[in-house]
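K.L.:
Take this structure first; my questions come after.
The values are calculated or read from the model by the stated rules, or taken from the named source; none is laboratory data. Everything numeric in this text was worked out from a predicted model, so none of it was measured. Don't worry about glycine lacking a Cβ; one is built from the backbone with ideal geometry, like all the others, and counts go over all protein chains shown. Only protein heavy atoms, including side chains, enter the accessible area calculation; ligands, DNA and RNA are left aside. Shrake-Rupley method; radii C 1.70, N 1.55, O 1.52, S 1.80 Å.
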Amino acid sequence: MSTFSQELLEKLATAKSVGVLTGAGISVESGIATFRGHDGIWKKFKPEELASMDAFLKNPELVWEWYEYRRQIIYKVKPNPAHFTLAEMESCYPEFTISTQNVDGLHALAGSKNILELHGNILYNRCNQCGKKFKDTGYEKGKPFQYCNCGGKIRPDVVWFGEPLPAQELEKSFNVAAKSDVYFSIGTSANVYPAAMLPVEAKLYGAYVIEINLEKTTLSGQVDVSFLGKAGEILPEMWQAVQKYKNKKISI
Ligand code: BJW
């Protein structure tokens with residue numbers, strides 16, 4: 001059981017605007033591997049060697065195989081208590097926004113509404129030229145490239161290294177970080193930019209920043225409080241403690 005300071009409980013009990021950045025770690029307890037942990041290395045390839053246009057053009061079969069492998073896992077998994085707690089929290093604050101680096105769609109499945117997908121969504125493909133989205137047109141063994149009507153190549157609808165993040169989602173995420181009273185960084189190694197800048201931006205603009213991660217990250221020294229442990233355990237415990245704290249305040 002984690003213990004939560006009076007300061008943290010008061011901040012969460014009185015916040016009007018809450019922002020959240022999530023990363024692969026929040027989906028681990030649902031059964032999805034992270035990118036950089038030892039479990040995250042797929043067939044000895046680092047994400048940097050697969051998640052790029054260069055990799056796709058050089059070895060489309062390999063890149064499609066990686067995405068198909070991950071899709072098959074994602075189709076089967078369900079949100080975990082960390083996703084559900086965030087969805088519950090959303091209904092208790094006037095402003096509550098999740099900026100997620102995850103492409104698994106689990107926040108929406110858990111019932112969260114205000115979600116900014118910074119790195120796209122793995123369940124879709126899109127044309128690299130005209131941007132048209134496709135739900136089904138994907139990988140067929142022996143046919144490394146599928147083409148859109150416009151002649152562009154179809155690829156997973158995600159953001160690869162060296163590609164810009166979706167402009168609206170990114171701008172909104174920075175606005176949220178700048179106006180949040182409390183900001184969470186959950187299950188991200190905070191190694192990939194520009195997403196990793198969001199909690200730092202939130203702190204700069206005066207938010208109380210809470211990190212939840214299995215281990216210390218490059219962000220840990222810059223936040224107000226860092227909890228080491230599983231998001232699916234710590235977040236529900238924290239939220240329960242906030243409810244108790246609020247009830248106690250009312251009864252005094
Ligand atoms: C748990 C847990 C449990 C485990 N509970 N915790 C400075 C500024 C701007 C850009 C750059 C910059 N420096 C470098 C760049 C370039 C680059 C970059 O960041 N490189 C770094 C390697 C240094 N960034 C980019 O290229 C981005 N684009 C860009 O900057 O564009 C500029 C541009 C502008 C205009 C024109 C053209 C270009 C794009 C980045 C795209 C990242 N894409 C990926 C793949 C997405 C698709 C897919 O899923 O396949 O996104 S890479 C991969 O990393 C994925 C993730 O979203 C992302 C972040 O990983 P995440 O989520 O943090 O996972 P892990 O595995 O690293 O960490 C998991 C954590 O969970 C660990 O800490 C565990 O301890 C923890 N954990 N279990 C709680 N139960």
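K.L.:
Within the set of pairs 6+ apart or on separate chains, which have a first residue in segment 175-200 that is touching a residue at least 12 places away in the same chain (Cβ under 8 Å) and farther than 24 Å from K230 by Cβ, a second that is away from the ligand (no atom under 12 Å from the Cβ) and of a type in the set (A, V, I, L, M), and C-beta atoms under 8 Å apart?
P.N.:
V176/L116; A177/A202; A177/A207; A178/A202; D181/A15; D181/V18; D181/A207
K.L.:
Here is a follow-up. Select from segment 161-177 the residues that are among the aliphatic types (A, V, I, L, M) and open to solvent by 30 Å² or more (accessible area, probe 1.4 Å) and list them in ascending order.
P.N.:
At the first step, the residues of segment 161-177 found to be among the aliphatic types (A, V, I, L, M) are 165, 167, 170, 176-177.
The answer is A167, L170.
K.L.:
Further, regarding this structure: Sort out which residues of segment 221-233 are at negative phi and surrounded by fewer than 16 Cβ atoms within 10 Å (Cβ to Cβ), and write them in order of number.
P.N.:
G221, V225, L228
K.L.:
Something else: Looking at Q168, Q222, Q243, which one is under 15 Å from T100 (Cβ atoms) and more than 13 Å from the ligand (Cβ to nearest atom)?
P.N.:
So the residue among Q168, Q222, Q243 that is under 15 Å from T100 (Cβ atoms) and more than 13 Å from the ligand (Cβ to nearest atom) is Q168.
K.L.:
Also, quick follow-up: Looking only at segment 1-54, count every residue that is modelled with pLDDT under 95, assigned to a helix (DSSP H, G or I), in contact with a helix residue (DSSP H, G or I) (Cβ under 9 Å, 6 or more places away or on another chain) and open to solvent by 60 Å² or more (accessible area, probe 1.4 Å) and tell me the total.
P.N.:
Residues meeting the conditions: 3.
K.L.:
Do we find that L106 is open to solvent by 70 Å² or more (accessible area, probe 1.4 Å) and either more than 8 Å from the ligand (Cβ to nearest atom) or free of Cβ contacts under 8 Å to residues at least 60 places away in the same chain (or both) in this structure?
P.N.:
No; evaluated as a whole, the condition is false for this residue.
K.L.:
Output yes when any residue across segment 125-133 is within 11 Å of I26 (Cβ to Cβ) and either within 13 Å of the ligand (Cβ to nearest atom) or within 14 Å of the chain's Cα centre (by Cα) (or both), and no when none is.
P.N.:
no
K.L.:
Of the numbered conditions (1) within 13 Å of the ligand (Cβ to nearest atom); (2) open to solvent by 10 Å² or more (accessible area, probe 1.4 Å); (3) touching a Ser or Thr at 6+ places or on another chain (Cβ under 6 Å), I73 fails exactly one; give the number of that condition.
P.N.:
Unmet condition: (3).
K.L.:
For the structure I just gave you, tell me whether L57 is more than 10 Å from the ligand (Cβ to nearest atom) and surrounded by fewer than 15 Cβ atoms within 10 Å (Cβ to Cβ).
P.N.:
When the stated conditions are applied, L57 passes them.
K.L.:
For segment 178-206: of the residues being under 18 Å from W239 (Cα atoms) and either among the aromatic types (F, W, Y) or open to solvent by less than 50 Å² (accessible area, probe 1.4 Å) (or both), which is nearest to the ligand (Cβ to nearest atom)?
P.N.:
Looking at the filtered set, the residue picked out is G187.
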